[in-house]
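Visitor: My structure is below; once you've seen it, I'll send some questions.
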Amino acid sequence: MPEVTTVILNQAGINRALTRIAHEILEHNKGTEDLVLIGIRTGGDHIAGDLADRIAAIEGEKPPLGAIDITMYRDDLDSRGSLPLGRTEVPFDVDGRKIVLVDDVLYTGRTIRAAMDALIDLGRPRNIQLAVLIDRGHRELPIRPDYVGRNVPTSREEDVAVDFDAERHPCEVRLIKP
Amino acid sequence: MSFGHKHILGIEHLSREDIFQILDTAAGFKEINTRAIKKVPTLRGRTIINLFFEASTRTRTSFEIAGKRLSADTVNISASSSSVVKGETLEDTARNIEAMHPDIIVMRHGASGAPHYLAERLDCAIVNAGDGAHEHPSQALLDLFTIREKKGSLEGLKVAIVGDIAHSRVARSNLYALTRVGAEVRLAGPGTMVPPGIEKLGAEVHHDINDAIRDADVVMMLRIQLERQGKTLLPSLREFSRFYGLNQDNLKLARPDALVMHPGPMNRGVEIASSVADGPQNVILDQVENGVAVRMALLYLVAGGEATEES
Amino acid sequence: MSILIKNGRLIDPANNIDDHLDLLLKDGLVAAVGKNLSVDADETLDADGKLVTPGLIDLHVHLRDPGQEYKEDIASGTAAAVAGGFTSVVCMPNTQPVNDNLAVTKYILSRSEEVGRCRVFPVASITRGLKGENLTEMGELKQGGAVAFSDDGRPVENGEVMRRALEYARPFDAPIISHAEDLSLVGKGVMNDGFVATELGLKGIPWVAEDAMVARDVMLAEYTGGHMHIAHISTRGAVEIVRRAKERGVRVTCEATPHHFTLTEEAVRGYDTNAKMNPPLRTEADREAVRRGLADGTIDAIATDHAPHHRDEKNVEFNIACNGIVGLETALPLALRLVRDKVMDLPRMVALFTSGPADVLGLDCGSLAAGQPADVTLIDPDCEWTLTADQLVSKSKNTPFDGWTLQGAAITTIVGGKIAWQRAEQQ
């Protein structure tokens, strides 16, 4: 049976969502002091970069940007085997920072659990907030995002794909039905 | 994507892609070793037994640290404290250990082929930490990692390996690994220490160290077993040092940016002059540092690897 | 008691016979050979499509009895022999105690009489305790039934001792069998020295270790006029040395094993301890030279060097595993491969198992002339079967040929006019 793909967020929609999230982050944190963005590879890191640019445009100051790879923190080594490792690049001290953890799609919450463990291994942040472009539900852990671009009800059989352009900016979100 | 090998018995069985997968994985792990909290939960709950039938400080410690930084439980068993001295067979020793359900056995043994023997008989993964004069895969991989890190790539590099080739598992593993990634390998050693047919593995063989070193990008010195001197293989260490030792003079024949490597432990003043061992071109401690990351990579890949083919 | 074997292809190299002839055995002796013999016999065997040959002789086996009966004993070893088509085996003296005195020789003979399934010819040692120093009482041993002298398993390192052994044995008409290797060149080697050993990181045994000792022993034979038999020859150099010596008229003979004409050092890859033997498996060029030597008469006999070892002695690291393999039950099909590979014709192959070894030791067997002992082997040269080590008759299962599909087998083995073994139909 052929896949059915529906565009659930186009470029304009993505722009509006991310700009709103940028404002919300600034508002919630009262500016950029001690604020850092850390994206989860791969996807979340690109969105974190996009958000950092938007924050810089609004506030005139770009928060430090990092990327983490959570492969070493996964809980599915047995079922998925040894996945290739990506690089964790957090070129600043996380102690005392307000970290906005960024991912593209929030689903079971296991990735976020792994990412929080990874962050805490890097130091002691003041707090960790979570920003996602899409929340598709089906949480398996008690994790709740602070900033959401769009809530998309899905079934477990469906898949959500975020496409990025050549500059690694998100350009389209698609819902794929099997 | 999983690693295609259940065991790491030697480089001989690894493809160029396998080697780069290991090096790339090691690159990911290297960063952990410089953190304040040098530990990730990747292998939490796994048990790794370091089964060493031969004395080893460096390799055993390196594997132990690698396992611990991945949160595995690592247990060291050395021959002197094991039941081997009571005349137990290797198979029985290993089966007893396996009954305690380790996930990985890292083993060093004086007999070539001993890890292959166990791999055929046990269910758990075996990582060869050196077998006789056969292979020492983790050493070769950390050497490649270090060279790649310093030189950017491996292809086309000229690598001289000098010393007792015949009895060296480091030489064999490096020869397999370097030729597989496209480096050019030159071997040099006394006539009694170059084994027959080694050139068929793709190396140039020299008996004059100068010919091997000339224009080399890397000079890898092997440890000479001191007990070999004064017997039939080697008249004296003095003579060895004179004809096959690396010193500031002959090192000038190599490229000015050539790396000086040694698997350790070094015999200063025998195969390598102190001035060279401590000189600006030496990357000997980088090798040791990278050893931990490379062994983390091996343990990780083997632990996650549902074998898609026999290694 | 009489047996008539009809319709077979009778190959008797001792008498230059290769023809479709019937064979009548009576009272333990060959009674008649001829076309369409029509006599009443107690038993008639139809050998249509089969080979009928003198009973096969193995010049070199280790029965391990006395002393190492957990590996093999006279009953099990001779049972394995007849299962492989052999009616006579020549057993080496490296037992525990060593067969260096009449008591042990007599034990072997009487025990063979008691429980043996085939003829057993003991070889006594050259030196007491195989120590390479003092000669054994060769005269008494020869009179008591020893057919030759050997320190097999070890070379006689001292040239003087070997010289005197040849000189002393000569008047008793007893050959000296040399296990030829220069131990100083062997060192701690565990396989053939060369590229494979280099790759596997195993210590090598160079061919020159064998060639040098074979050269010495051949020269000692030439010097003393004694009869030197080189056991398990395995290198092209050694074959060439024997070939040249024979041309000069030196009293030298030699034997080669099925594993040396079948396998090469490549079999060691994977550290298979059943590929560990002494002399070691050599290179393709050596294997080729051995095959040529067997064909052209340089090598006088195929001998198995049947060396049973317990599983525990092989199921260890390669460098500490015992040397050797069992060979009695695989020799014939492996030799038949030489015929199929056109290395030699069938009569030559049969000669290497019959007249060849009989001539080396002057044994009164290996011929189907009337009046000879009724030792006969019926061979199906074509049947295909797969070897399963666990099903070997020998007590020990150390064979590198486990799982091999073989062609040809002894189907009936007759010793002294009695059927000692018949192959089950199913196999």
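The values are calculated or read from the model by the stated rules, or taken from the named source; none is laboratory data. This one's a predicted model, so the numbers in the text were calculated from it and none came from an experiment. Using ideal geometry, Cβ is built from the backbone for each residue, glycine included, and neighbour counts are taken over all protein chains shown.
Visitor: Please verify whether the stretch B:144-156 includes one or more residues that are buried (at least 20 other Cβ atoms within 10 Å of the Cβ), outside any helix (DSSP H, G or I) and under 12 Å from the mean Cα position of the chain (by Cα).
Guide: The answer is no, given that none of the residues of the stretch B:144-156 is buried (at least 20 other Cβ atoms within 10 Å of the Cβ), outside any helix (DSSP H, G or I) and under 12 Å from the mean Cα position of the chain (by Cα).
Yes/no matrix, rows are residues, columns are (1) of a type outside the set (Val, Ile, Thr); (2) at the interface with chain A (Cβ under 8 Å from one of its Cβ atoms); (3) in contact (Cβ under 8 Å) with a residue 12 or more places away in the chain:
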residue: B:Leu14; (1), (2), (3): yes, no, yes
residue: B:Glu17; (1), (2), (3): yes, no, no
residue: B:Ile22; (1), (2), (3): no, no, yes
residue: B:Asn33; (1), (2), (3): yes, no, yes
residue: B:Ile37; (1), (2), (3): no, yes, no
residue: B:Pro41; (1), (2), (3): yes, yes, yes
residue: B:Asn50; (1), (2), (3): yes, no, yes
residue: B:Ala55; (1), (2), (3): yes, no, yes
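Visitor: Restricting attention to the stretch B:247-269, which residues are surrounded by fewer than 20 Cβ atoms within 10 Å (Cβ to Cβ) and either among the hydrophobic types (A, V, I, L, M, F, W, C) or not assigned by the TED database to the domain that holds B:Ile224 (or both)?
Guide: Matches in the stretch B:247-269: B:Leu253, B:Met266.
Visitor: Please tell me if C:Val343 is under 18 Å from the mean Cα position of the chain (by Cα) and among the β-branched types (Val, Ile, Thr).
Guide: Considered against the rule, which asks whether it is under 18 Å from the mean Cα position of the chain (by Cα) and among the β-branched types (Val, Ile, Thr), C:Val343 comes out as no.
Visitor: Only one of C:Ala267, C:Ala275, C:Ala256, C:Ala245 is more than 14 Å from every other protein chain (Cβ to nearest Cβ), touching a helix residue (DSSP H, G or I) at 6+ places or on another chain (Cβ under 6 Å), within 20 Å of C:Thr304 (Cα to Cα) and at pLDDT 95 or above. Can you tell me which?
Guide: Of the residues listed, the single one that is more than 14 Å from every other protein chain (Cβ to nearest Cβ), touching a helix residue (DSSP H, G or I) at 6+ places or on another chain (Cβ under 6 Å), within 20 Å of C:Thr304 (Cα to Cα) and at pLDDT 95 or above is C:Ala256.
Visitor: Here is a further query. Please tell me if A:Asp75 is over 30 Å from B:Val302 (Cα atoms), within 14 Å of chain B (Cβ to nearest Cβ) and among the acidic types (Asp, Glu).
Guide: Considered against the rule, which asks whether it is over 30 Å from B:Val302 (Cα atoms), within 14 Å of chain B (Cβ to nearest Cβ) and among the acidic types (Asp, Glu), A:Asp75 comes out as no.
Visitor: Looking at (1) away from chain B (no Cβ under 14 Å); (2) free of Cβ contacts under 8 Å to residues at least 60 places away in the same chain, which one does A:Leu35 not meet, given that it meets all the others?
Guide: Here A:Leu35 meets the rest and fails (2).
Visitor: For the stretch C:62-121, which positions are outside any helix (DSSP H, G or I), small (Gly, Ala, Ser) and over 18 Å from the mean Cα position of the chain (by Cα)?
Guide: Across the stretch C:62-121, the qualifying residue is only C:Gly67.
Visitor: Just need a number here: residues in the stretch C:14-44 that are surrounded by fewer than 24 Cβ atoms within 10 Å (Cβ to Cβ) and part of a strand (DSSP E or B).
Guide: Residues flagged as surrounded by fewer than 24 Cβ atoms within 10 Å (Cβ to Cβ) and part of a strand (DSSP E or B) within the stretch C:14-44 amount to 15.
Visitor: Let me ask something else about it. Go through the residues of the stretch C:160-176 one by one and say whether even a single one is free of Cβ contacts under 8 Å to residues at least 12 places away in the same chain and away from chain B (no Cβ under 14 Å).
Guide: yes
Visitor: Are any residues in the stretch C:384-427 assigned to a strand (DSSP E or B) and free of Cβ contacts under 8 Å to residues at least 40 places away in the same chain, and if so, which ones?
Guide: C:Glu384, C:Thr386, C:Thr405, C:Gln422
Visitor: For the stretch C:304-325, which residues satisfy the criterion of being among the polar types (S, T, N, Q) and more than 14 Å from chain B (Cβ to nearest Cβ)?
Guide: The answer is C:Thr304, C:Asn323.
Visitor: Would a scan of the stretch B:209-218 turn up a residue that is at pLDDT 95 or above and touching a Ser or Thr at 6+ places or on another chain (Cβ under 7 Å)?
Guide: No, the stretch B:209-218 contains no residue that is at pLDDT 95 or above and touching a Ser or Thr at 6+ places or on another chain (Cβ under 7 Å).
Visitor: Collect the residues in the stretch A:78-97 that are touching a Leu at 6+ places or on another chain (Cβ under 7 Å) and either at the interface with another protein chain (Cβ under 9 Å from one of its Cβ atoms) or under 18 Å from A:Thr42 (Cα atoms) (or both), keeping them in residue-number order.
Guide: A:Ser82, A:Val90, listed by residue number.
Visitor: Scanning for something within 22 Å of B:Met266 (Cα to Cα), within 14 Å of another protein chain (Cβ to nearest Cβ) and not in a loop (DSSP other than H, G, I, E, B), does the stretch B:111-127 turn up at least one residue?
Guide: So far as the stretch B:111-127 goes, no, none of its residues is within 22 Å of B:Met266 (Cα to Cα), within 14 Å of another protein chain (Cβ to nearest Cβ) and not in a loop (DSSP other than H, G, I, E, B).
Visitor: Among the residues of the stretch C:294-321, how many are part of a loop (DSSP other than H, G, I, E, B), at pLDDT 95 or above and either polar (S, T, N, Q) or more than 30 Å from B:Gly113 (Cβ to Cβ) (or both)?
Guide: 5
Visitor: Can you name the residue in the stretch B:149-198 that is over 29 Å from B:Gln229 (Cα atoms) and of a type in the set (Val, Ile, Thr) and is also nearest to the other protein chains (Cβ to nearest Cβ) among such residues?
Guide: B:Thr179
Visitor: To continue, here is another question. Please enumerate the residues belonging to the stretch C:279-293 that are crowded, with 21+ Cβ neighbours inside 10 Å and not in a helix (DSSP H, G or I).
Guide: The answer is C:Pro279, C:Pro280, C:Leu281, C:Arg282.
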